[in-house]
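This report refers to the structure that appears directly beneath it.
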Amino acid sequence: MITMTTTTTTGTPVLEATNVTMRFGGLTAVRSVDFTVNSGEIVGLIGPNGAGKTTFFNCLTGLYVPTEGTVSYKGTVLPPKPHLVTKAGIARTFQNIRLFANMTVLENVLVGRHTRTKEGLWSALLRGPGFKKAERESEERAMELLEFVGLANKRDHLARNLPYGEQRKLEIARALASEPGLLLLDEPTAGMNPQETRATEELVFAIRDKGIAVLLIEHDMRFVFNLCDRVACLVQGEKLVEGTSDVVQSDERVVAAYLGTPFEGVPEDSALDEVEAAEAHSATSTTSVEVEGDQK
Amino acid sequence: MNTLPQQLANGLLLGSMYGLIAIGYTMVYGIVQLINFAHGEIFMTGAFGALTVYFYILPDGTPMAVAVPLMLIGGGIVAILIAVGAERFAYRPLRGAPRLAPLITAIGLSLALQEVVRNFYPGADRARAFPGLDATHDLGSITIKDADIFLIVSAVVCMAALAYFVRKSRTGRAMQATAQDPDTAQLMGIDTNRIIVIAFAIGGFFAAVAAVAYGLKYGNVDYRMGFLMGLKAFTAAVLGGIGNIYGAMLGGLVLGIAETLASAYIDEIPGMQQLGGQSWANVWAFCLLIIVLLVRPQGLLGERVADRA
């Protein structure tokens with residue numbers, strides 16, 4: 001039974017994906033997925049590796065143009081250009097950290113503010129008072145965000161010199177800098193230890209409290225079920241189940257999809273833990289941290 | 001009389017000209033990983049743009065103090081239009097194509113630009129006279145011309161403005177971001193196509209500044225002037241570490257000074273009497289490139305090229 005209960009319909013739809021299909025040649029990576037995120041919601045997207053989660057994310061951010069179907073943000077269909085999607089109000093982080101490694105922490109966040117700042121060639125070269133003011137405001141906003149994620153004291157460090165967990169935080173700060181209405185997190189806790197995961201959990205709640213809807217891909221099931229108002233499970237490009245944590249957690253097909261075999265009865269914690277561990281392992285092994293000790 | 005200060009000054013001047021042109025190679029390479037072999041010809045068209053302003057637009061007898069800024073603007077506009085046009089119509093359609101395709105296109109474009117100028121610009125098939133700034137000044141043991149002063153001042157101003165622009169402005173930051181990771185930069189809301197156009201435009205303008213300086217200094221221009229200057233500037237960019245704007249400046253200066261000193265003094269070494277003089281200057285310049293690439297393949301200021309994901 002597919003239960004489409006949306007128990008915590010907190011507001012109006014922020015993101016609506018209708019009938020999204022993505023084909024690469026003969027391969028259908030995402031097949032007719034309907035999906036909605038409402039304002040004030042935290043929604044999780046789970047599924048085994050290769051289920052099409054990241055492809056779906058890429059369709060949402062304009063990196064891919066869906067073969068069929070439409071994606072709209074707050075009622076307007078999104079343009080197929082990533083930079084316009086960001087401008088419209090969708091920001092994201094990446095499964096493999098993709099910071100600007102040779103820029104400072106502050107500069108990374110300032111790049112994130114690109115769409116929210118205005119300044120032409122001439123004002124920059126001439127350094128008018130307007131330019132200085134805008135620059136100062138931009139820097140203040142960036143510092144607020146760094147304080148929010150707890151990196152304010154590292155503003156002048158190069159991004160590549162940060163420890164892994166802080167790089168993840170910086171990615172979130174950079175995404176928030178574009179003042180989004182919807183934040184997409186692609187495996188925000190991959191490779192994190194339990195303390196860092198818990199801190200990320202609090203961070204996501206804090207982001208929601210700022211009025212930003214969150215959609216996240218994650219393999220850490222405890223994290224997902226603690227956090228999300230609603231969870232959808234994607235298997236082989238199709239949406240298998242969508243509903244509250246309890247509904248998805250107890251759905252046999254979800255468990256079957258993860259373990260690859262039919263499963264009897266209610267999944268036990270230990271079984272889920274195993275899956276989780278395996279997934280976490282595979283996730284970390286594919287997560288290459290782009291820190292290279294190549295200081296000349 | 002000790003000629004060393006004069007030779008160093010000559011080298012510095014030549015080097016700043018190389019550096020100005022090298023900026024165009026290095027910025028474009030840093031952002032789209034394309035070696036724009038037509039850049040030397042963009043330099044050449046900049047010179048002809050400035051020449052057009054002087055001979056065909058300004059009335060005869062315009063004082064040089066008025067003419068030079070206008071020539072700079074005219075040359076700059078022509079070079080920017082050609083650089084941006086090349087990006088839009090020759091390189092952009094090939095973005096994502098195998099790297100050899102845009103490279104060959106660049107070589108083709110370079111030949112096409114040479115031939116267009118040779119065939120359609122009056123008198124361009126021979127050296128055409130360019131107004132010079134030949135008044136000289138003696139500064140102790142160094143003698144420099146007005147053209148040299150123009151060159152050094154404009155090089156310093158351009159480079160300082162560029163360094164400031166790239167480090168401090170919003171567009172400059174977007175440029176750095178695009179150079180480091182274009183896909184992510186797009187997702188941060190940066191219109192990367194616009195950034196690429198800006199990089200080509202800045203490179204074109206700097207080449208035009210160098211071209212005006214070249215004309216004022218040497219007193220003539222021709223349709224082939226871009227070939228050797230482009231090759232030298234490319235060498236300077238590689239020498240300094242391609243992709244790095246400070247590297248382009250440094251590479252230009254090192255190359256200019258090394259070349260000048262080698263052609264002035266190498267014949268004083270016993271057994272190398274035949275190897276001195278201007279005719280061997282290019283040999284020493286490219287020898288220097290080979291040596292640097294053997295010792296430091298990434299160039300003087302370049303970082304090790306990390307594999308891109």
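Read the figures in this text as sums done on the coordinates, not as results from a lab. These numbers come from a predicted model, not from an experiment. As a convention, Cβ positions derive from the backbone with ideal geometry for all residues, glycine included, and neighbour counts pool all protein chains shown.
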## Note on the structure
Amide H contacts under 5 Å for A:Val14, restricted to residues at least 5 apart in sequence or on another chain and with H modeled in the peptide plane, are A:Val37, A:Asn38, A:Ser39
### Query
Under 5 Å between amide H atoms, partner at least 5 residues away or on a different chain: which partners does B:Leu301 have, H built in plane at 1.01 Å?
B:Gly241
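Mind giving me the FRET efficiency for B:Ala161 and B:Arg92? R0 is 25 Å, r the Cβ-Cβ distance, nearest 0.05 is fine. Walk me through the intermediate numbers first.
Working: r = 27 Å, r/R0 = 1.06.
Rounded to the nearest 0.05, the efficiency is 0.40.
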### Summary
Under the helix-only model (-39500 (n - 2.57) for each DSSP H run of 4 or more, divided by the residues of the protein assembly as shown), the mean residue ellipticity at 222 nm, to 500 deg cm²/dmol, is -17500 deg cm²/dmol
### Query
Roughly what would the spin-label model give for B:Ile57 and B:Ile290, points 7 Å off Cα along C-beta, in nm?
4.4
### Query
For A:Lys53, which lysines qualify as cross-link partners when the Cα separation must be under 21 Å and same-chain residues fewer than eight apart are set aside?
A:Lys81, A:Lys239
### Summary
Here the whole-number average of other chain Cβ atoms within 10 Å per Cβ of A:129-136 is 1
### Query
Using θ = phi - 60° and the Karplus form 6.51 cos²θ - 1.76 cosθ + 1.60, what ³J(HN,Hα) does each residue of the stretch A:178-184 get, whole Hz, x for Gly and Pro?
7, 6, x, x, 9, 10, 9
## Note on the structure
Check: C-alpha center the stretch A:223-237 vs C-alpha center the stretch A:21-49, spacing in Å is 11
### Message
Amide H of A:Val241 versus every other amide H placed in the peptide plane: which residues, excluding those fewer than 5 positions away on the same chain, fall under 5 Å?
### Response
A:Cys233
### Query
Which of the helices in chain B, when you take each full DSSP H run, stretch at least 18 Å along the axis at their Cα atoms and have an average Kyte-Doolittle score of 1.6 or higher?
B:64-85, B:281-295
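Just the ratio, please: alpha-carbon radius of gyration of the protein assembly as shown over 2.2 N^0.38 Å, N its number of residues.
Values: Rg = 29.3 Å, N = 605, 2.2 N^0.38 = 25.1 Å.
So the Cα radius of gyration is 1.17 times the expected 2.2 N^0.38 Å.
Of A:Lys74/A:Lys169; A:Lys133/B:Lys168; A:Lys118/A:Lys154, which sit over 18 Å apart, Cα to Cα? Intermediate values should be presented prior to the final figure.
Working: A:Lys74/A:Lys169 27 Å; A:Lys133/B:Lys168 14 Å; A:Lys118/A:Lys154 26 Å.
Pairs exceeding 18 Å: A:Lys74/A:Lys169; A:Lys118/A:Lys154.
Mind jotting down a quarter of the surface of the convex hull over the alpha carbons of the stretch B:17-244, in square nanometres, one decimal? Don't skip to the end; give the middle numbers.
Numbers: hull surface 53.0 nm².
That works out to 13.3 nm².
In a shell of Cβ-Cβ distance under 14 Å around A:Leu203, excluding A:Leu203 itself, what net charge do Lys and Arg (+1) and Asp and Glu (-1) give? If you can, show how the numbers build up before the last one.
On the way: positive: A:Arg168, A:Lys169, A:Arg174, A:Arg198, A:Arg208, A:Lys210; negative: A:Glu147, A:Glu166, A:Glu171, A:Glu196, A:Glu201, A:Glu202, A:Asp209, A:Glu218.
Net of charged neighbours comes to -2.
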### Message
Please check: in the Gaussian network model of chain B (C-alpha springs, under 10 Å), which one of B:Ile57, B:Ile31, B:Ile23 has the largest mean-square fluctuation.
### Response
B:Ile57
